[in-house]
């Protein structure tokens, strides 16, 4: 029993140290700059590179700000059918 408990604790120890405090979108842009042509997402027979995905992210961001007057930092919810063009 103690071995099982030790195993469970070690498997659940998922704490990770990060070098600096950054937002997830900053980390995404870092990956785009580092690997622009690498595969970022894949669905069925479709795929997008990091660079292509960044384009769609920017289009969505500008649409939310300009057409729907979303303020940067505001929490929103997006409910769409599963596709790469969502």
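Each value in this text was obtained by applying a stated rule to the coordinates, not by laboratory testing. Note that the coordinates shown come from a computational prediction; the quantities given were computed from them, not determined experimentally. Cβ placement follows ideal geometry from the backbone for every residue including glycine, while neighbour counts extend to all protein chains displayed.
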Query raised in the report: Taking only DSSP H segments of four or more residues, each worth -39500 (n - 2.57), what value at 222 nm results for the chain once the sum is divided by all its residues, to the nearest 500 deg cm²/dmol?
Result: -15500 deg cm²/dmol
Query raised in the report: Quick one: if the Förster radius is 22 Å, what FRET efficiency do residue 68 and residue 29 give, using the C-beta to C-beta distance and rounding to 0.05?
Result: 0.45
Report summary line: Out of 63, 22, 14, a Gaussian network model of the chain with alpha-carbon springs under 10 Å gives the largest mean-square fluctuation to 14
Query raised in the report: For the Cα atoms of the chain, what angle does the longest principal axis make with the long axis of helix 2-12, in degrees from 0 to 90, nearest 10?
Result: 20
Requested in this report: Provide the packing ranking of 23-34, 74-85, i.e. peptides ordered by the mean count of other C-beta atoms within 10 Å per residue, highest first.
Outcome: 23-34, 74-85
Query raised in the report: For the stretch 1-45, what Kirkwood radius comes out of the mean inverse Cα-Cα distance, in Å?
Result: 14.3
Requested in this report: Determine the relative contact order of the stretch 20-86: mean sequence separation of Cα pairs under 8 Å and six or more apart, normalised by residue count, in whole percent.
Outcome: 24
Query raised in the report: To the nearest 10 degrees, how steep is helix 24-34 against the longest Cα principal axis of the chain, on a 0 to 90 scale?
Result: 80
Query - Label corresponding to log10 I(q)/I(0) by the Debye sum over Cα atoms at q = 0.19, 0.25 Å⁻¹ when calculated from the structure given, among (1) -1.00, -1.13; (2) -0.85, -1.23; (3) -1.01, -1.26 - result: (3)
